[in-house]
1. Please enumerate the residues belonging to region 105-151 that are of a type in the set (Val, Ile, Thr) and in contact with a Ser or Thr (Cβ under 7 Å, 6 or more places away or on another chain).
2. Can you tell me which residues in region 275-292 are assigned to a loop (DSSP other than H, G, I, E, B) and of a type in the set (A, V, I, L, M, F, W, C)?
3. What number of residues in region 80-90 are assigned to a loop (DSSP other than H, G, I, E, B) and buried (at least 19 other Cβ atoms within 10 Å of the Cβ)?
4. Against the condition more than 30 Å from Phe142 (Cβ to Cβ), open to solvent by less than 10 Å² (accessible area, probe 1.4 Å) and touching a residue at least 60 places away in the same chain (Cβ under 8 Å), how does Val215 come out, does it pass?
5. List the strands (runs of 3 or more DSSP E) that sit entirely inside region 114-178 and contain at least 3 residues that are buried (at least 16 other Cβ atoms within 10 Å of the Cβ) and not assigned by the TED database to the domain that holds Leu198.
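The values are calculated or read from the model by the stated rules, or taken from the named source; none is laboratory data. What you see is a predicted model, and the numbers here were worked out from it, not measured in a lab. All Cβ positions, even for glycine, are placed from backbone atoms using ideal geometry, and neighbour counts span all protein chains on display. Protein only, heavy atoms only, side chains kept; ligands, DNA and RNA dropped before computing areas. Shrake-Rupley method; radii C 1.70, N 1.55, O 1.52, S 1.80 Å.
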Amino acid sequence: MAPTFKLQCHFILICLLALRGESRYLELREAVDHDPFPHLAGGASPKRELEGEPLYRRALRCVDMLSLQGQFTFTADRPQLHCATFFIAEPEEFITIHYDLVSIDCLRGDILQVFDGWILKGEKFPSSQDHPLPTTERYVDFCDSGLSRRSIRSSQNVAMIFFRVHEPGNGFTITVKTEPNLFPCNIISQTPNGRFTLVMPHQHRNCSFSIIYPVAIKISDLTLGHLNGLQLKKSSAGCGGIGDFVELLGGTGLDPSKMLLLADLCYPLRGPAQMKVGCDHTVLRMVSSGKHINRVTFEYRQLEPYELENPNGNSIQEFCLSTL
């Protein structure tokens, strides 16, 4: 099984546990866990549309995960009341969701709603602290806007739709495409291993890179503009009082603002900084004042089972291990 598809299955199992009981604005209520649907264990391996090739097409399931461009159709065969599709692109891409055809009954309580990011069990990615829009503006509700907003573009490499369809035979068709993002910010990694450089050029915003796996992470290069020509002495108070810094966070949920701070960096590196994080979810987060050009380069790999069973010293946090 391809690594990307393994990651999709991992995500789908998480997603299934979070959907039942979701309301029209899902950040207002906690979901109730329920058993995964058995038919979601299989599926076609994802493939990306190549230039000149026909558009990839397939049907959507009630709970689905997509990492490819194409045209996708959902048709209810019975009342489907708790459905969602999670979209993930490459780190350097935006996602555009275009409504081709919609046949739902809003007056009966049907829902078709795009969310800019991901939301699970009341937790959002990107967090409210890191997203450029307030939470209410991250939803685009078809039953409010109709086809006046036929195309919706995400602010990062992930997006999702929530939908509820009561009448069998009703549903919708969407086309999903991606476009380049020159300065990617707030990313969920498609793979458990990789290397990335996060750059923030004179923008006052926070950017997170999320890996939904226990990982070993190594920061090989850190450039913070406030360090140019200035050597700072490390303070016991950490980086909180400095406008530009990098945090390493760990936890079990989706929202970086609710994770535990494992380390922060705002001073020159004297060599690679590395750490093993045994959490379900690891996030590297850059906080930028907008006064400088900041850059951090890092690589990461999924921890092997033996590394989780036999942690070396205190490199793997005990609070994370207890939740695995």
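1. Start the filter on region 105-151 by keeping residues that are of a type in the set (Val, Ile, Thr), which leaves 111, 114, 119, 135-136, 140.
Scanning region 105-151 gives a single hit, Thr135.
2. In the first step, residues of region 275-292 are kept if they are assigned to a loop (DSSP other than H, G, I, E, B); the result is 278-280, 288-292.
Cys279, the sole residue that qualifies.
3. First, the residues of region 80-90 that are assigned to a loop (DSSP other than H, G, I, E, B): 89-90.
Retained after the next criterion (residues that are buried (at least 19 other Cβ atoms within 10 Å of the Cβ)): 89.
Residues that pass the stated criteria total 1.
4. Yes.
5. Result: 118-120, 123-125, 139-141, 158-165.
Each row is one residue, and each column tells you yes or no for (1) at pLDDT below 90; (2) open to solvent by 30 Å² or more (accessible area, probe 1.4 Å); (3) in contact with a Pro (Cβ under 8 Å, 6 or more places away or on another chain).
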position	(1), (2), (3)
Gly240	yes, yes, no
Gly243	yes, yes, no
Leu260	no, yes, no
Pro272	yes, yes, no
Val283	no, no, yes
Arg301	no, yes, yes
Pro311	yes, yes, no
